[in-house]
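Provided herewith is a single structure, encoded as structure tokens, for subsequent inquiry.
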Amino acid sequence: MTTLHVISHSPFGDNRLASCLRLLGTDDAILLCGDAVYALRAGTAPQQLLQTARLQHRLFALAEDAQARAIDSTLAEAVDYPAFVELSLRFDKVNSWL
Amino acid sequence: MKFAIAVFSPAHAPSSRRALRFAEAALAGGHQIARLFFYQDGVHSASANVVTPQDELDVAAQWRAFIEGNQLDAVVCIAAALRRGVLDATEANRYQRPAVNLPAPWELSGLGQLHEAAQVADRLVCFGGD
């Protein structure tokens, strides 16, 4: 069973991202949206956390939310809404960290 | 594929807009939406009394147009709605409140509708927070 974890809260305000990484399955993926895309800001602790987690092809960011916050990172693959829909079907479950 | 979409945030929250854009993309991609369920503060998205500043996106109005245009099943949690003052004519009458702010296409119902939607749909996707 694979899960797409959707996080929308800023990683600077709570521990959702760290908690999610701790229980992330080997075939699970993370989609960052809203203020959660700040985790991709270069030189920050959350970005370090994502880098060490080695999430190649398993880390995504909602393109318009990253663009709105001037985040341009190669760490995450940018997705638009049609791709978000496709991602939600590629994994067995979608778990939103509300 | 069939989606059930649950919205936990009010119309002025970015996540309510994200839910709407996701729902639009799902239909545009040829998928179906089994049910939209508005829970907790998400019930404010259904209130007919929301007045959005003119220079901001009126997400509540867009939800209404989207639901009417696509004839979707849009359920508002009754317990969450009552405690936040979102009432249809029946409930306003039952509790003797002076205003009704939940007209069609929205429907007041229970949490069981979310459970059923999750069973019927291939995916349940929840939107909330920031």
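Please verify whether residue B:76 is of a type in the set (A, V, I, L, M) and out of contact with any strand residue (DSSP E or B) (no Cβ under 7 Å at 6 or more places or on another chain), treating the condition exactly as stated. Steps first, answer last, please.
Values: of a type in the set (A, V, I, L, M): yes; out of contact with any strand residue (DSSP E or B) (no Cβ under 7 Å at 6 or more places or on another chain): no.
Taking the combined requirement at face value, the residue does not satisfy it.
Would you check which residues across region B:56-81 are more than 11 Å from residue B:106 (Cβ to Cβ) and of a type in the set (Asp, Glu) and list them?
Selection gives B:56, B:58.
Okay, moving on. Take residue B:81 and decide whether it is part of a strand (DSSP E or B) and within 14 Å of the chain's Cα centre (by Cα).
On the way: part of a strand (DSSP E or B): no; within 14 Å of the chain's Cα centre (by Cα): yes.
For residue B:81, the condition - part of a strand (DSSP E or B) and within 14 Å of the chain's Cα centre (by Cα) - is not met.
Considering region B:81-130 alone, what residues qualify as being away from chain A (no Cβ under 14 Å) and in contact with a Gly (Cβ under 9 Å, 6 or more places away or on another chain)?
Those that are away from chain A (no Cβ under 14 Å) and in contact with a Gly (Cβ under 9 Å, 6 or more places away or on another chain): B:97, B:99, B:101.
Of all residues in region B:1-40, count the ones that are within 7 Å of chain A (Cβ to nearest Cβ), more than 19 Å from residue B:118 (Cα to Cα) and not in a helix (DSSP H, G or I).
Of the residues in that region, 1 qualify.
Exactly one of these conditions fails for residue B:61: (1) in contact with a Leu (Cβ under 7 Å, 6 or more places away or on another chain); (2) within 15 Å of residue B:102 (Cα to Cα). Give me its number.
(1)
Tell me the residue from A:50, A:62, A:75, A:87 that is more than 8 Å from every other protein chain (Cβ to nearest Cβ) and under 17 Å from residue B:26 (Cβ atoms), please.
Details: A:50 fails: under 17 Å from residue B:26 (Cβ atoms); A:62 fails: more than 8 Å from every other protein chain (Cβ to nearest Cβ); A:75 fails: under 17 Å from residue B:26 (Cβ atoms).
Step by step, each of A:50, A:62, A:75, A:87 is checked, and only A:87 is more than 8 Å from every other protein chain (Cβ to nearest Cβ) and under 17 Å from residue B:26 (Cβ atoms).
Starting from region B:29-55, take each residue that is closer than 14 Å to residue B:11 by Cα and surrounded by 14 or more Cβ atoms within 10 Å (Cβ to Cβ) and list its partners that are among the basic types (Lys, Arg) and at pLDDT 95 or above, counting only C-beta distances under 8 angstrom and pairs at least six apart or across chains.
B:41/B:84; B:43/B:84; B:44/B:84
Continuing with this model, one more query. Do any residues in region B:4-20 that are of a type in the set (Phe, Trp, Tyr) have Cβ atoms under 9 Å from those of residues that are part of a loop (DSSP other than H, G, I, E, B), where the two are at least six apart or on different chains, and which pairs are they?
B:8/A:98; B:8/B:39; B:8/B:128; B:8/B:129
Now a separate question. Could you figure out which of (1) within 14 Å of another protein chain (Cβ to nearest Cβ); (2) touching a strand residue (DSSP E or B) at 6+ places or on another chain (Cβ under 6 Å); (3) of a type in the set (A, V, I, L, M) isn't true of residue A:68?
With (1) within 14 Å of another protein chain (Cβ to nearest Cβ); (2) touching a strand residue (DSSP E or B) at 6+ places or on another chain (Cβ under 6 Å); (3) of a type in the set (A, V, I, L, M) applied to residue A:68, the lone miss is (2).
Okay, next question. Which of the numbered conditions does residue B:92 fail, given that it passes all the others? Conditions: (1) farther than 12 Å from residue B:37 by Cβ; (2) part of a loop (DSSP other than H, G, I, E, B).
The single condition residue B:92 does not satisfy is (2).
The values are calculated or read from the model by the stated rules, or taken from the named source; none is laboratory data. Owing to the predicted nature of the structure, the values given are computational and were not obtained by experimental measurement. So basically every Cβ, Gly included, is an ideal-geometry build from the backbone, and we count neighbours across all protein chains shown.
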